[in-house]
Amino acid sequence: MRIALCQINNTVGDLSGNAALILNAARQAEARGADLAVFPELALNGYPPRDLVEKPSFLQRSVESLAQLVDASRDLRCGLILGYVGIAPEGSIRRATNSAALIDNGRILATQTKMLLPTYDVFDEWRYFQAADHQDVALFRGTRLALTICEDAWNDKQFWERRLYRKDPVEALVQQGAGVLISINGSPYDTTKRALRRHMFSSMARRHSLPHVYVNMVGGNDQLVFDGSSFVAAPDGSIVASACSFDEDLIVFDTETCSGEQRESHSDETSAVYQALVLGTRDYISKCGFQRVLLGLSGGIDSTLVACIAVDAIGRENVTGIAMPGPYSSDHSVADARALAENLGVRFEIVPISGAYTKVLEGLDPVFNGAPRDVTEENVQARLRGLTLMALSNKWGALVLTTGNKSEIAVGYTTLYGDMCGGLAVISDVPKTMVYDLCHEVNRRHGPVVPENVFIKPPSAELRPGQKDSDSLPEYPVLDRILKAYVEEFKHPAQIAEEQQLPLPLVRDIVNKVDRNEYKRQQAAPGLKVTTKAFGIGRRFPIAQRFSE
């Protein structure tokens, strides 16, 4: 049998558009001699649909769209496997199911419903779906298929030291005499996922002595980026077919020869992270109905990276950089911002805020009543910049991209209603040290786009004379190690200090900054997840609470 792995970029809720993508890819698969075209989890509805699943109209239209797609597939010589939102059986606790359909000759041969419903990290499927109480092997043209949906294949007892579920759907289906395992997935990207998936499925393929076909969706849906990276693991564990990462693709695998097409992809995770951010930015902009973006260009490393990502995502003609020099801005800030804009070929405008800043303070000083200058005046500058960007956004109909990185957001070195203003926080899950790595990646891809001075000057918000980030924070390599241990690995301050040989008071200070600034993060623009634990989706801490490390 020839199986086509079809990784498509669908849009949540676009039932007709997603159906058209499926049928178009199925015809391509047929033209390349495929007997079966396999699509990702919830390919018809988009993933994750979240509370759309609570709408009866969404469920009804999902079922109707599946019926229309089945009817439209009558002229296809190849079969289809695709994920969809189904209606749960009468008497179920929940209304919907996360299901898959096996379609051939204009009819549904079999359906399978997801059994293991994840409720950790970014997943909340137990909230929405009714789990299957059993699963059966599906027969397709003489081949017995073990069809699983994402999490159903992530509970192998010989791979995981601690399993989340008592059941192992893969093992149960293999015991029914399956000849091929097919797993359809909506698995979001992070820096560990591509290697982990291959390792896990290779291990299962060896254990069960069966080819394991892994099909994953691609594209950005809100804060999640799906990388595709579909593949086939042979019975000996070797990867015998692989699709590209971060792009739509279709590859064909032959079960008789146990061979398939191999695509080149990103060999290192710095390159992969950059492409994930480009894809997530492009899809967020387009799927939300925007065409143009703007951002504040300060001449610093963070706004530089965001501008480069935006240009690669939607083209230089759709990106505008705004320099907003204030009373403490250095000459090189505007010069570096202008140099970057010229290198990228984007529109560049200068809107000084010093005059507005003076006027605001003139109005506030009588009420301040002689109080000494402090962070209040710094925040006024940041908020004038936010006001400027939002005014231009309204006037031009362009989406504002915020430029704060994960390290700053973690410790609260961002200003509400100032530099946090915008519609998408492109690098909110990118630690500061990785920001530098990604800017070097830009120069590897495109030549010397990022000016050298951007790499070497000390990071600064330039909100007071001679200000540097290191005045009140440890150097970023140290800060990022503490943040990774605390935010992503949930380690205690004493453990972090001991393992990294750092002063305990320093670690406690950083941890307290993280905890105190939850209220800011929950008011931030949605950001793109690329690490194992991002602020926003998948991280749920209360604001009003009194637990302290």
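The values are calculated or read from the model by the stated rules, or taken from the named source; none is laboratory data. Note that the coordinates shown come from a computational prediction; the quantities given were computed from them, not determined experimentally. Please note: Cβ atoms are built from the backbone with ideal geometry, for glycine as well, and neighbour counts cover all protein chains shown.
Odds and ends about this structure:
- Residue check for GLY79: at pLDDT 95 or above and not basic (Lys, Arg): yes
- Qualifying residue in the stretch 532-549 (condition: at pLDDT below 95, surrounded by 15 or more Cβ atoms within 10 Å (Cβ to Cβ) and among the polar types (S, T, N, Q)): yes
- Listed by position, the helices (runs of 4 or more DSSP H) contained in the stretch 303-419 that have at least 3 residues being more than 22 Å from ASN443 (Cβ to Cβ) are 354-368, 375-396, 406-411.
- One residue alone among ALA153, ALA132, ALA67 is touching a residue at least 24 places away in the same chain (Cβ under 8 Å), out of contact with any Phe, Trp or Tyr (no Cβ under 8 Å at 6 or more places or on another chain) and in the same structural domain as ASP254 (by TED's automatic domain parsing), and that residue is ALA132.
- For the stretch 430-449, filtered to residues that are β-branched (Val, Ile, Thr) and in a loop (DSSP other than H, G, I, E, B), the residue that is nearest to LEU479 (Cα to Cα) is VAL430.
- In the stretch 1-109, counting only strands (runs of 3 or more DSSP E) that sit wholly within it, the ones holding 3 or more residues that are farther than 22 Å from ASP227 by Cα span 79-87, 96-104.
- Selection of first residues in the stretch 336-353 that are within 11 Å of PRO325 (Cβ to Cβ) and of second residues that are assigned to a helix (DSSP H, G or I), restricted to Cβ pairs under 7 Å at least 6 apart or on distinct chains, gives the following pairs, ordered by first then second residue: ILE350/VAL334; VAL351/THR388; ILE353/GLN381; ILE353/LEU384; ILE353/ARG385; ILE353/THR388.
- For ASP247: the one exception among (1) in contact with a helix residue (DSSP H, G or I) (Cβ under 7 Å, 6 or more places away or on another chain); (2) of a type outside the set (S, T, N, Q); (3) within 15 Å of VAL215 (Cα to Cα): (1)
- Residues that are without any contact (Cβ under 8 Å) to a residue 40 or more places away in the chain and among the small types (Gly, Ala, Ser) are absent from the stretch 423-445.
- Test for LYS395: is it assigned by TED's automatic domain parsing to the domain that holds ALA341, over 27 Å from TYR189 (Cβ atoms) and charged (D, E, K, R): yes
- Residues that are over 30 Å from VAL478 (Cα atoms) and touching a residue at least 60 places away in the same chain (Cβ under 8 Å), drawn from the stretch 388-420: THR388, LEU389, LEU392, SER393, TRP396, GLY397, ALA398, LEU399, VAL400
- Matching residues, the stretch 422-470, being within 29 Å of THR376 (Cβ to Cβ), crowded, with 22+ Cβ neighbours inside 10 Å and in contact with a strand residue (DSSP E or B) (Cβ under 7 Å, 6 or more places away or on another chain): GLY422, LEU424, ALA425, VAL426, SER428
- On inspection, ASP302 passes the criterion of being closer than 20 Å to LEU463 by Cα and either assigned by TED's automatic domain parsing to the domain that holds ASP247 or modelled with pLDDT of 95 or more (or both).
- Filtered residues of the stretch 109-155 (kept if crowded, with 17+ Cβ neighbours inside 10 Å, acidic (Asp, Glu) and more than 14 Å from TYR47 (Cβ to Cβ)): ASP152
- Residue match in the stretch 200-216 (condition: buried (at least 24 other Cβ atoms within 10 Å of the Cβ), of a type outside the set (Lys, Arg), under 18 Å from the mean Cα position of the chain (by Cα) and at pLDDT 95 or above): yes
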